[in-house]
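These notes are about the structure you will find just below.
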Amino acid sequence: MAVGGRCTGVLGGVFDPPHVGHVALARAAMNQLELETLLVLVVAGPGHKRATTPAETRLELTRLAFGDVPDAHVELDRHARTVDSLEERKLRDAIFILGADEFANFSQWKQPERVLELARLAVAMRPGVSDEHVREARVQLAAPERILSFDLPAISVSSSEIRERVAQGESIEGLVPAPVADAIARLGLYLDG
């Protein structure tokens, strides 16, 4: 489902820490949607979940994680909500990238209809997430034609699992990009669970 042109993909998150699933999501979106650039936004103060690591540290880790993704730019996002970030940035032809599980709750976001006016959505469909939930979420919106979908292979990893493994002294090899694993060890992150 290529959209072509000069589209900018936007991928936001807490990235505490960033992992191989985040990078795979970015690469799949870049390739399948033929995005020109990718803006990765590290949410400084997320409104929906607690960050265990300071924003500047998560920014450093995220820059390391996406360092070898061509045309990816990582920035700190001072806004807790997507709509506020998109309003400020005024990106032309933006495509906001999210997983199907997140999209299922999209109607609960702050001003979801305005988000759809500011950016199209690209929903990553992966095994294990019901198509029915995505269809239900889509019909609740006034502009369902602004929603694209693309395929993402199943990657079983989460930031909370990585934090737990580090706290228990277990390896995180293969779960995060190597430069991220090195930085986590060097900075002594996530040791206290």
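The values are calculated or read from the model by the stated rules, or taken from the named source; none is laboratory data. Just so it is clear, the structure is predicted and the values come from calculations on it, not from any experiment. Positions of Cβ are backbone-derived with ideal geometry, glycine not excepted, and every protein chain shown enters the neighbour counts.
Restricting attention to segment 128-143, does a residue exist that is free of Cβ contacts under 8 Å to residues at least 40 places away in the same chain and closer than 14 Å to residue 10 by Cα?
No, segment 128-143 contains no residue that is free of Cβ contacts under 8 Å to residues at least 40 places away in the same chain and closer than 14 Å to residue 10 by Cα.
Give the residue that is farthest from residue 55 (Cα to Cα), with candidates limited to residues of segment 69-101 that are assigned to a helix (DSSP H, G or I) and touching a helix residue (DSSP H, G or I) at 6+ places or on another chain (Cβ under 6 Å). Write out each step before concluding.
Our first condition is that a residue be assigned to a helix (DSSP H, G or I); within segment 69-101, this holds for 82-89, 100-101.
Okay, now just the ones that are also touching a helix residue (DSSP H, G or I) at 6+ places or on another chain (Cβ under 6 Å), so 82-83, 86, 100.
Working: 82: 17, 83: 20, 86: 19, 100: 26 Å.
So, considering only residues that are assigned to a helix (DSSP H, G or I) and touching a helix residue (DSSP H, G or I) at 6+ places or on another chain (Cβ under 6 Å), the one farthest from residue 55 (Cα to Cα) is 100.
From the set of residues in segment 1-28 that are in a helix (DSSP H, G or I) and within 11 Å of the chain's Cα centre (by Cα), which is surrounded by the fewest Cβ atoms within 10 Å (Cβ to Cβ)?
24
Go through (1) out of contact with any strand residue (DSSP E or B) (no Cβ under 8 Å at 6 or more places or on another chain); (2) closer than 20 Å to residue 40 by Cα; (3) basic (Lys, Arg) for residue 92 and report which single condition fails.
Evaluating residue 92 over (1) out of contact with any strand residue (DSSP E or B) (no Cβ under 8 Å at 6 or more places or on another chain); (2) closer than 20 Å to residue 40 by Cα; (3) basic (Lys, Arg) leaves (1) as the failure.
When segment 149-186 is examined, which residues are found to be more than 30 Å from residue 134 (Cα to Cα), of a type in the set (Gly, Ala, Ser) and surrounded by 12 or more Cβ atoms within 10 Å (Cβ to Cβ)?
167, 181, 183, 185
Would segment 30-47 turn up any residue that is on the phi > 0 side of the Ramachandran plot, surrounded by fewer than 19 Cβ atoms within 10 Å (Cβ to Cβ) and in contact (Cβ under 8 Å) with a residue 24 or more places away in the chain?
Yes, segment 30-47 contains a residue that is on the phi > 0 side of the Ramachandran plot, surrounded by fewer than 19 Cβ atoms within 10 Å (Cβ to Cβ) and in contact (Cβ under 8 Å) with a residue 24 or more places away in the chain.
Picking from 55, 65, 80, 72, which residue would you name as being surrounded by 14 or more Cβ atoms within 10 Å (Cβ to Cβ) and free of Cβ contacts under 8 Å to residues at least 24 places away in the same chain?
55
Given the condition more than 20 Å from residue 69 (Cβ to Cβ), touching a Phe, Trp or Tyr at 6+ places or on another chain (Cβ under 9 Å) and in contact (Cβ under 8 Å) with a residue 40 or more places away in the chain, answer yes or no: does some residue in segment 163-182 qualify?
The answer is yes, given that some residue of segment 163-182 is more than 20 Å from residue 69 (Cβ to Cβ), touching a Phe, Trp or Tyr at 6+ places or on another chain (Cβ under 9 Å) and in contact (Cβ under 8 Å) with a residue 40 or more places away in the chain.
Output yes when any residue across segment 102-109 is of a type in the set (S, T, N, Q), farther than 20 Å from residue 37 by Cβ, outside any loop (DSSP other than H, G, I, E, B) and in contact with a Leu (Cβ under 9 Å, 6 or more places away or on another chain), and no when none is.
Scanning segment 102-109, I find at least one residue that is of a type in the set (S, T, N, Q), farther than 20 Å from residue 37 by Cβ, outside any loop (DSSP other than H, G, I, E, B) and in contact with a Leu (Cβ under 9 Å, 6 or more places away or on another chain), so the answer is yes.
So is residue 65 among the aliphatic types (A, V, I, L, M) and at pLDDT below 95 or not?
no
Does residue 96 satisfy being farther than 22 Å from residue 149 by Cβ and not small (Gly, Ala, Ser)?
For residue 96, the condition - farther than 22 Å from residue 149 by Cβ and not small (Gly, Ala, Ser) - is not met.
What residue, among those in segment 123-135 that are surrounded by 14 or more Cβ atoms within 10 Å (Cβ to Cβ) and assigned to a helix (DSSP H, G or I), is modelled with the highest pLDDT?
Restricting to residues being surrounded by 14 or more Cβ atoms within 10 Å (Cβ to Cβ) and assigned to a helix (DSSP H, G or I), the top hit is 134.
Out of 89, 114, 120, 78, which single residue is within 18 Å of residue 14 (Cα to Cα) and at pLDDT 90 or above? Walk me through how you get there before you give the answer.
Details: 89 fails: within 18 Å of residue 14 (Cα to Cα); 114 fails: within 18 Å of residue 14 (Cα to Cα); 120 fails: within 18 Å of residue 14 (Cα to Cα).
Just one listed residue meets the conditions, 78.
What single numbered condition from (1) within 27 Å of residue 191 (Cβ to Cβ); (2) in contact (Cβ under 8 Å) with a residue 12 or more places away in the chain; (3) assigned to a loop (DSSP other than H, G, I, E, B) fails to hold for residue 50?
(2)
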